[in-house]
Amino acid sequence: MRPIIINNFLHSSRILGDACNKLRRFSVEETRLNRHRIDEMLGRSLMLVTALAPVIGYDKASTIAEKANDQGLTLKEAALRSGAIDENRFDEIVDPRTMVGHGGSGS
């Protein structure tokens, strides 16, 4: 049985290797990020409200998130309309790059 097991293992390994190569070639290489769409979706992410809670309080932050969701606003639009925070302070607090721990350059 060992030769059959070894043969099947090697065959499966070749199939897996070929699949990885095809994935790299046709799905990964030369893939470009759509920065505009990423920024748009990130602006609509209600999870970012967690950064506001320590500053303006949980109740106000949850009200802002609820309003953004109900009215189809971005979190920033809802926060500014609420009057609980100004634009400069919002941009300072709600920075996804620093929230994920990278604090990167945006590249």
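The values are calculated or read from the model by the stated rules, or taken from the named source; none is laboratory data. This structure is a prediction, so every number in the text was calculated from the model and none was measured. FYI the Cβ positions are ideal-geometry reconstructions off the backbone, even for glycines, and counts take in every protein chain you see.
Here's the yes/no breakdown for (1) touching a residue at least 40 places away in the same chain (Cβ under 8 Å); (2) touching a strand residue (DSSP E or B) at 6+ places or on another chain (Cβ under 8 Å); (3) under 30 Å from MET99 (Cβ atoms):
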| residue | (1), (2), (3) |
| --- | --- |
| MET1 | no, no, no |
| ILE5 | no, no, no |
| ASN21 | no, no, no |
| LEU52 | yes, no, yes |
| THR63 | no, no, yes |
| ALA68 | no, no, yes |
| LEU75 | no, no, yes |
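Here ASP18 fulfils each of the conditions (1) within 30 Å of ASP91 (Cα to Cα); (2) of a type in the set (Asp, Glu); (3) not assigned by TED's automatic domain parsing to the domain that holds GLU92 apart from (1).
Among the residues of segment 29-50, just one is over 30 Å from SER62 (Cα atoms) and either surrounded by 10 or more Cβ atoms within 10 Å (Cβ to Cβ) or among the basic types (Lys, Arg) (or both), namely ARG32. Just so you know, in segment 80-101 the residues that are assigned to a helix (DSSP H, G or I) and farther than 22 Å from ARG37 by Cβ include one that is nearest to the chain's Cα centre (by Cα), and it is ILE93.
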